[in-house]
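Following: one structure in structure tokens, then a few remarks.
The values are calculated or read from the model by the stated rules, or taken from the named source; none is laboratory data. This structure is a prediction, so every number in the text was calculated from the model and none was measured. Glycine gets a Cβ as well: all are built from the backbone with ideal geometry, and neighbour counts include every protein chain shown. Quick note on the areas: whole protein, heavy atoms, side chains included, nothing else; ligands and nucleic acids left out. Shrake-Rupley method; radii C 1.70, N 1.55, O 1.52, S 1.80 Å.
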Amino acid sequence: MFDFTATPPLSLYIHSPWCVRKCPYCDFNSHEARTEIPEDAYVTALIADLEQDLPSVWGRTIDTVFIGGGTPSLFSPEGIEQLLSSIRARVPLKPDAEITLEANPGTVDQARFKGFRDAGINRLSIGVQSFQPDLLQNIGRIHNDSEAVIAVEAARHAGFDNLNLDLMFGLPGQSSKQALSDLHTATALEPAHISWYELTIEPNTWFHRHPPQRATDDTLWDIQQSGRLLLGTGGFERYEVSAYALNDQQCRHNLNYWQFGDYLGIGAGAHAKISDAATQGITRTSKTRHPHTYMDAAHSTRRISTTSRLEVDDVVLEFAMNALRLDRGFSPATFTAATGLPYGVIEATVNNGVADGLLSTDSDAIKATPRGQRYLNELLQRWMPESA
Ligand SMILES: C[S@@+](CC[C@H](N)C(=O)[O-])C[C@H]1O[C@@H](n2cnc3c(N)ncnc32)[C@H](O)[C@@H]1O
Ligand code: SF4
């Protein structure tokens, strides 16, 4: 059924599983580091992990690298340098590869940022979340508002011009005015990119067990619309549900996910999605989640991953879950290039979505209408196998 003429662009995700403290809203694979993190052992495990994955991407070049977490800024610049040079020795990176590292403002200073820059990191994503000190406390952050601003300035002085700030809205106790004021402060700092997430209450988090008071869905929707206007006025154009770029400086790594590109994932709990033109199949791989089990396995002959082949239904749903988040949507040609499937596989679902006002087809672009964006989950239901 799959028929790839070429494989899509390739990214590399590297997971760092430790944080200073677990935030009450966070369901990422992150663990409180009660003692010093085992940096050398983990970097060695990451490289062993990469080596096991290399046969699946022979001959391909990596476009983007993203070191996420957890809190990778807990690693020393030397550890990051060792990691990146070991990767470069094993797999080709594009000369202009985007190489991002996530940083928590409570774990950095200018010297550390300079070390990351020298190690080859060329984009920083700083987890600011809010500029209101009381709200930062409500969500258990280890930094205050001025430390967040200092981190942005320190990153600039260390030579980073490609900066992302993560912000969240819908925080416990946050008014609409405070949410918009956070955006004002962020735009005034002129980062290249702002990721503005609505706080979601995830299972297995402290907030799920102790639900905080939050604004209603209608208020959250109004905040989102006003925020989008405010960011647009400041020059930040939205290109995905939560992503805004100044002067088109979009995040190449995340764009590759949303366009259903390929990615390797190394580190505890990391995921990969790889298309194989030779076998005409797409595989998904997940690595062992717990950091110590992961490290033990990577250093032995035990398997550190499970791999499954995706069926057509999985591919169609996963493609929609990603591509419909993009404001530009997708075209029949980009669907076929990314999935290896003929457009006919989704044509009826698209036509039904258009008839119900959830999708629009504007010249070649198929995208969610404002109503489709608001009810994205309902729209995606239609791409599930049983409703096709
Ligand atoms: C994996 S975290 C990495 C950043 C770094 N660990 C930090 O928190 O500073 C990536 C971003 O996801 C967002 N995030 C995490 N949990 C969320 C949730 N439950 N709802 C909405 N956004 C969330 C936060 O903005 C966070 O900065
Ligand atoms: S610092 Fe980031 S990754 Fe760590 S627990 Fe908090 S939100 Fe999650």
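Applying the criterion of being touching a Gly at 6+ places or on another chain (Cβ under 9 Å) and open to solvent by less than 50 Å² (accessible area, probe 1.4 Å) to the residues of region 195-209, the residue that is nearest to ligand 2 (Cβ to nearest atom) is Leu199.
For region 49-81, filtering for residues that are in a helix (DSSP H, G or I) and closer than 24 Å to Tyr257 by Cα leaves 12. Among the residues in region 51-66, are any within 16 Å of ligand 1 (Cβ to nearest atom), out of contact with any Lys or Arg (no Cβ under 7 Å at 6 or more places or on another chain) and in contact (Cβ under 8 Å) with a residue 12 or more places away in the chain? Checked region 51-66: at least one residue is within 16 Å of ligand 1 (Cβ to nearest atom), out of contact with any Lys or Arg (no Cβ under 7 Å at 6 or more places or on another chain) and in contact (Cβ under 8 Å) with a residue 12 or more places away in the chain.
Which count do you get for residues in region 226-275 that are assigned to a strand (DSSP E or B) and not hydroxyl-bearing (Ser, Thr, Tyr)?
So the count comes out to 15.
Residue count for region 108-154 under the criterion of being within 16 Å of ligand 2 (Cβ to nearest atom) and β-branched (Val, Ile, Thr): the result is 5.
Residues being crowded, with 20+ Cβ neighbours inside 10 Å and more than 15 Å from Gly106 (Cα to Cα) are entirely absent from region 136-157.
Selection of region 360-379 for residues being within 15 Å of Ala320 (Cα to Cα) and polar (S, T, N, Q) yields Ser360, Thr361, Thr369, Gln373, Asn377. Return yes or no: is Arg214 of a type in the set (Lys, Arg) and open to solvent by 70 Å² or more (accessible area, probe 1.4 Å)? So Arg214 passes the test.
Using the structure shown, decide if Glu102 is under 23 Å from Asp262 (Cβ atoms), within 16 Å of ligand 1 (Cβ to nearest atom) and open to solvent by 40 Å² or more (accessible area, probe 1.4 Å). Working first, answer last.
On the way: under 23 Å from Asp262 (Cβ atoms): yes; within 16 Å of ligand 1 (Cβ to nearest atom): yes; open to solvent by 40 Å² or more (accessible area, probe 1.4 Å): yes.
Judged against the criteria, Glu102 is a match.
Examine region 135-154 for a residue that is away from ligand 1 (no atom under 12 Å from the Cβ), closer than 27 Å to Asn247 by Cα and outside any helix (DSSP H, G or I), and state whether such a residue exists. No, because not a single residue in region 135-154 is away from ligand 1 (no atom under 12 Å from the Cβ), closer than 27 Å to Asn247 by Cα and outside any helix (DSSP H, G or I).
Every residue, every condition in (1) of a type in the set (Asp, Glu); (2) more than 23 Å from the chain's Cα centre (by Cα), yes or no:
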| site | (1), (2) |
| --- | --- |
| Gly170 | no, no |
| Glu198 | yes, no |
| His210 | no, yes |
| Leu230 | no, yes |
| Gly234 | no, yes |
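Restricting attention to region 71-83, the residues being out of contact with any Asp or Glu (no Cβ under 8 Å at 6 or more places or on another chain) and either buried (at least 20 other Cβ atoms within 10 Å of the Cβ) or hydroxyl-bearing (Ser, Thr, Tyr) (or both) number 3. Scanning region 162-184 for residues that are under 21 Å from Ala151 (Cα atoms) and among the basic types (Lys, Arg) yields a total of 0. Taken over region 155-183, the criterion of being within 16 Å of ligand 2 (Cβ to nearest atom) and closer than 28 Å to Gln213 by Cβ is satisfied by Leu165, Asp166, Leu167, Met168, Phe169, Gly170, Leu171, Pro172.
Restricted to strands (runs of 3 or more DSSP E) entirely inside region 279-388, those with at least 3 residues that are without any contact (Cβ under 8 Å) to a residue 40 or more places away in the chain and open to solvent by 40 Å² or more (accessible area, probe 1.4 Å) are 305-309. For Ile87, the conditions (1) buried (at least 18 other Cβ atoms within 10 Å of the Cβ); (2) part of a strand (DSSP E or B); (3) away from ligand 2 (no atom under 16 Å from the Cβ) all hold with the exception of (2). Residues in region 49-70 that are among the polar types (S, T, N, Q) and surrounded by fewer than 18 Cβ atoms within 10 Å (Cβ to Cβ): Gln52, Ser56, Thr61. I'm trying to understand the selection: among the residues of region 159-170, which are open to solvent by 10 Å² or more (accessible area, probe 1.4 Å) and more than 28 Å from Ile223 (Cα to Cα)? Hits for region 159-170 are Gly159, Asp161. Of all residues in region 119-130, those satisfying the criterion of being crowded, with 18+ Cβ neighbours inside 10 Å, away from ligand 1 (no atom under 13 Å from the Cβ) and not charged (D, E, K, R) are Ala119, Gly120, Ile121. Tell me whether region 108-116 contains one or more residues that are farther than 30 Å from His210 by Cβ, away from ligand 1 (no atom under 16 Å from the Cβ), in contact with a strand residue (DSSP E or B) (Cβ under 8 Å, 6 or more places away or on another chain) and open to solvent by 40 Å² or more (accessible area, probe 1.4 Å). No, region 108-116 has no match at all. Restricting to region 20-48, and then to whatever is away from ligand 2 (no atom under 16 Å from the Cβ) and part of a loop (DSSP other than H, G, I, E, B), can you tell me which residue is least open to solvent (accessible area, probe 1.4 Å)? Within region 20-48, the match that is least open to solvent (accessible area, probe 1.4 Å) is Pro38.
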